[in-house]
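I have placed the structure first, in the form of structure tokens, so that the comments after it can refer back to it.
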């Protein structure tokens, strides 16, 4: 409503708007100015227009069709009151044809359609977006740095060589372990029996001399 009233003011038509966001005093002053003839157009929303009572209002213009058909009856009821005559004009676009059909079904009558010269087939006006200059704090875009391509012929990484000090430590450790290994091998060798003092080993004798001696007799010669 405010945008429409501002546009009418720019076109040289005295207008003001009333709606729910305005205070009661602002709405009262705007309505008084319209009744006194100081304003030629009073732009009102559906809620604000229901309580209006203006005598001898000649015209009601619907800038767009309401989505509820009953609201159309309340709008045009502001004119032609108490047996007076009035005229209601509605601006309709092709997209609002279903809303018009609902209004005609509610009133059970057809609404006369007129095409105003200069508005047929106008289409939607094209709007050009203004070019916005970059802000002062906005940094210019930097070009991306070229990335290095991977080298397919890259040699495999070599194993790191051991430090001389570390190799020397391992060599000394191996030499220190050799005497311990030799001592363990010596402990595993069999130890020869030691002679017992006073022990006399048995002397091997012939069978014919050994058996009679055991029986207490002398050996006999064979005949």
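The values are calculated or read from the model by the stated rules, or taken from the named source; none is laboratory data. In this text, all values refer to a predicted model and were calculated from it rather than measured experimentally. Neighbour counts are summed over all protein chains in view; Cβ atoms, including those assigned to glycine, are modelled from backbone coordinates with ideal geometry.
Exactly one residue out of 123, 86, 117 is at pLDDT below 90 and surrounded by 10 or more Cβ atoms within 10 Å (Cβ to Cβ): that is 86.
Counting only helices (runs of 4 or more DSSP H) that sit wholly inside the stretch 10-78, those with at least 2 residues that are within 20 Å of residue 89 (Cβ to Cβ) and touching a strand residue (DSSP E or B) at 6+ places or on another chain (Cβ under 8 Å) are 69-76. Residues of the stretch 7-44 that are within 43 Å of the chain's Cα centre (by Cα) and surrounded by 14 or more Cβ atoms within 10 Å (Cβ to Cβ): 19, 22. For the stretch 53-77, residues that are surrounded by 16 or more Cβ atoms within 10 Å (Cβ to Cβ), within 18 Å of residue 1 (Cα to Cα) and over 48 Å from the mean Cα position of the chain (by Cα) total 2.
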